[in-house]
Amino acid sequence: MNPDVIPSVPTLDDELFKTSLKVLRVTESVRELQTMMRDKSTSRSDFIFYADRLIRLVVEEGLNQLPYRECVITTPTGQTYNGLQYEKGNCGVSIMRSGEAMELGLRDCCRSIRLGKILITSDEDTHEAKSVYAKVPHDICHRKVLLMYPIMNTGNTVVKAVNVLQEHYVNEKNIILLNLFCTPQAVKQIQTKFPGLTIVTTEIHHVTPNHFGQKYFGTD
C-alpha cells in the first residue's frame, strides 16, 4: 500500500469505503494548500497556483491506481533495468466546467492521453442533474477512465456523469474519480450507487470550497 494514501476516513466505517476510497495523507504541505484555497483573502493568481499544485498530487495518485506491467529496459551504459510501464488504454474525462481545471495537471503527467468532456446541468424546475453534452473517445469502453471533478457536495453531478459513461458501456470498475474536496454525503452516494468506482480525493469535509470554479476561471 502506498504510505502517502489513507484508504479510509474515520467517519466512514463501512468496509466498502475502506477499499474504494483513497484520501491523500494530509501533510503540512497538503494542509497549507487546502487552507489557502479555502481562505477568502487568497488572490486569484495564488488560488490557481495552489489549486494546480493540489491537482497535481491528486492526478499522481490517480495514476497509481492504473494497471501496469513489469518490463526490462537497457540503460545508456548498456545495463539492464527491471522497471514498470503503464498498460495502454487510459483516458481522461472532465465534467465541465470546473473539471476542466484538472486537465492541465493530467496532461503534465500524461502528455499524449486522450481527453473527453461531459456537461451536466441542473433542471431549473426539478433541480435534477441532466446531461446536455458528451464527447468521449469512441473506444472508451475499452479504457480506464480518469473522471475529473474537483468539488463534490451531493454527488448528483458525478452520478449523472457516470451514467453517461455507462451509456458508452464503460464498466464502473474502470472509472477513477479525481477530486479535491468532497462531503461524506457525496462519498456515500457515489460508492453506494457505484461500488466498483474508485475515488481519489484530498479531503472529506461537510463544508467544501464551492467558490472553486468562479475563483479559478475568474468569474467571481
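Derived scalar couplings between HN and Hα for the range 174-185 equal 9, 10, 10, 8, 9, 9, 9, 9, 8, 8, x, 4 Hz in order, rounded to whole Hz, by the Karplus curve 6.51 cos²θ - 1.76 cosθ + 1.60 (θ = phi - 60°), x for Gly and Pro. Relative to one another, the C-alpha centroids of the range 144-180 and the range 103-138 are positioned 9 Å apart. Normalised by the number of residues in the chain, the average gap of Cα pairs under 8 Å and 6 or more apart makes the relative contact order 21 percent.
Can you tell me the FRET efficiency between Leu66 and Asp125 if r is taken as the Cβ-Cβ distance and R0 is 41 Å, rounded to the nearest 0.05? FRET efficiency, Leu66 to Asp125: 0.50.
Its DSSP H runs of at least 4 residues, each contributing -39,500 (n - 2.57), put the calculated 222 nm mean residue ellipticity of the chain at -10000 deg cm²/dmol, to the nearest 500.
Overall shape: oblate for the range 15-164, with the ratio a/c of the largest to smallest alpha carbon gyration tensor axis at 1.5 or above and b/c at least equal to a/b. Using the Karplus relation 6.51 cos²θ - 1.76 cosθ + 1.60 with θ = phi - 60°, the per-residue 3J(HN,Hα) values for the range 21-35 come to 10, 10, 10, 4, 5, 7, 7, 4, 5, 5, 5, 5, 4, 4, 5 Hz, with x marking Gly and Pro. In terms of its C-alpha gyration tensor, the range 107-206 comes out oblate, because a/c is 1.5 or above while a/b does not outweigh b/c.
Couplings for the range 134-147, taken from phi via the Karplus curve 6.51 cos²θ - 1.76 cosθ + 1.60 with θ = phi - 60°, read 8, 9, 10, x, 4, 9, 4, 5, 9, 10, 7, 10, 8, 8 Hz in order; Gly and Pro are left as x. Taking the Cβ-Cβ separation of Lys188 and Ile73 as r and a Förster radius of 30 Å, what is the calculated FRET efficiency to the nearest 0.05? Efficiency computed from Cβ-Cβ geometry: 0.10. Give the cross-link partners of Lys173 among the lysines, using a straight C-alpha distance below 22 Å as the criterion and excluding same-chain residues fewer than 8 apart. The reachable lysines, counting only those whose Cα sits under 22 Å from Lys173, are Lys18, Lys22, Lys88, Lys117, Lys135, Lys144, Lys160, Lys188, Lys193.
Throughout, read-outs are computed from the coordinates displayed, never taken from laboratory work. Keep in mind the model is a prediction, meaning the values are calculated, not measured. Note: ideal-geometry Cβ built from the backbone for every residue, glycine included; neighbour counts use all protein chains shown.
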